[in-house]
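Everything below concerns the one structure shown next.
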Amino acid sequence: MSLLTYRNCRFLKREEAFTLVELMGVMVVIGILAGLTLGGAGAVRRQGAVNQAKAEIAALQAACERYYADNNAYPIANSDNPTSAFNPSSYNNAALFSALFGTNNYSLKPSGKRYFEPKPSMVSSTNSVNPSFVDPWGYKYGYNSDGTNAPVIWSTAGQTTGGNLTNKWITSWPKM
């Protein structure tokens, strides 16, 4: 092969390669598409958690109604202190768990009738005494009932402060 032919082949190979500017342009387009896709995925994940919380609250409400049908009273819970109503870590629904699950420990057999069978992800601890029902964000469900009136069950939907964010809460009472 002559020197002239070798040089021509080398130039042809360079003309077939991508330039750095073209590669950067493709990377920018891929980055923009990934950002749009991941942003949409976050919204879908949030809506999935909201729907899961709505279903769990409805199931807890139905379990309370079954409890009422047998005992002529709803499971009693102390009212949440109004100063801590916006702090889901201060909620205590262990009495609700014990009444609906039939025991105060997830890993034990029930000592009474079981009105509700939660998934392990819905229980604060599967191996300790006095667990609580938790929402998809990992916070305890709020619960309030004096035993005679239908209980109020709610999730703060991942919100840990009050104010105008309470309109995002998921509740068992109707929206006004």
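Rule-based calculations on the coordinates, nothing more; no lab input. These figures come from a predicted structure and were not determined experimentally. Quick reminder, even Gly has a Cβ in these numbers, built from the backbone with ideal geometry, and neighbours come from all protein chains shown.
For region 102-167, what does the alpha-carbon gyration tensor say about shape, rounded, prolate or oblate, given a ≥ b ≥ c as the root eigenvalues, a/c under 1.5 as rounded, and a/b over b/c as prolate? In terms of gyration-tensor shape, oblate. For region 107-124, 3J(HN,Hα) computed residue by residue from phi via the Karplus equation (6.51, -1.76, 1.60; θ = phi - 60°) reads 8, 9, 6, x, 8, x, 5, 9, 9, 8, 10, x, 6, x, 6, 9, 10, 5 Hz, glycine and proline entered as x. For region 31-160, a crude dipole built from +1 on the beta carbon of Lys and Arg and -1 on the beta carbon of Asp and Glu, taken about the Cα centre, is about 320 debye to the nearest 20.
If R0 is taken as 35 Å, the Cβ-Cβ distance between residue 66 and residue 45 corresponds to a FRET efficiency of 0.65.
Derived scalar couplings between HN and Hα for region 62-73 equal 5, 5, 5, 5, 5, 4, 5, 4, 7, 10, 6, 7 Hz in order, rounded to whole Hz, by the Karplus curve 6.51 cos²θ - 1.76 cosθ + 1.60 (θ = phi - 60°), x for Gly and Pro.
Close amide-amide hydrogen proximity is noted between residue 106 and 128, each under 5 Å apart and 5 or more residues distant or on a separate chain (H modeled in the peptide plane; Pro and chain starts excluded).
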